[in-house]
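The structure appears below as C-alpha cells.
Derivation of every value follows stated rules applied to the coordinates shown; laboratory data play no part. The model shown is predicted, which means the values in this text are computed figures rather than measured ones. Here the Cβ is made from the backbone with ideal geometry for all residues, glycine too, and neighbour counts use every protein chain on show.
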C-alpha cells in the first residue's frame, strides 16, 4: 500500500487584513524590474510581489498604512493606487 502524498497549498498573507490565505485566493501586486507597479491577475508577471485579498477594502487598508510600499521597497504614487482600486472594482 502506498500512501497518498498530501499536496501542500502555499499560503500568503494579505497586506490589508493580515489574514493568511491560499495563494490562489489572493491578488498579487507586482513591481516589475523596470519599476512599474500593477495588479497581476494571472500571478505570472515577473518582479517583486505582495499579496492582497480581491477586495477594495483590503487595498484601501494597505494603502492607508503604506504596507505595499514597504513590501515592494518603493514609494507608490497616489495615481497608481487609484488605478489599482478601479481595476479591482472592475474585476468583480
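Worth pointing out:
- Some residue of region 55-78 being more than 19 Å from residue 18 (Cβ to Cβ) and in a helix (DSSP H, G or I): yes
- Annotation: of all residues in region 13-68 being free of Cβ contacts under 8 Å to residues at least 40 places away in the same chain and in contact with a helix residue (DSSP H, G or I) (Cβ under 6 Å, 6 or more places away or on another chain), the one that is surrounded by the most Cβ atoms within 10 Å (Cβ to Cβ) is 52.
- The set of residues from region 18-43 being within 19 Å of residue 87 (Cβ to Cβ), in contact with a strand residue (DSSP E or B) (Cβ under 9 Å, 6 or more places away or on another chain) and in a loop (DSSP other than H, G, I, E, B) comprises 32, 36, 41, 42, 43.
- Each residue in region 79-92 was checked for being closer than 21 Å to residue 23 by Cβ and part of a helix (DSSP H, G or I), and 4 pass.
- For residue 8: the one exception among (1) over 15 Å from residue 81 (Cα atoms); (2) touching a helix residue (DSSP H, G or I) at 6+ places or on another chain (Cβ under 8 Å): (2)
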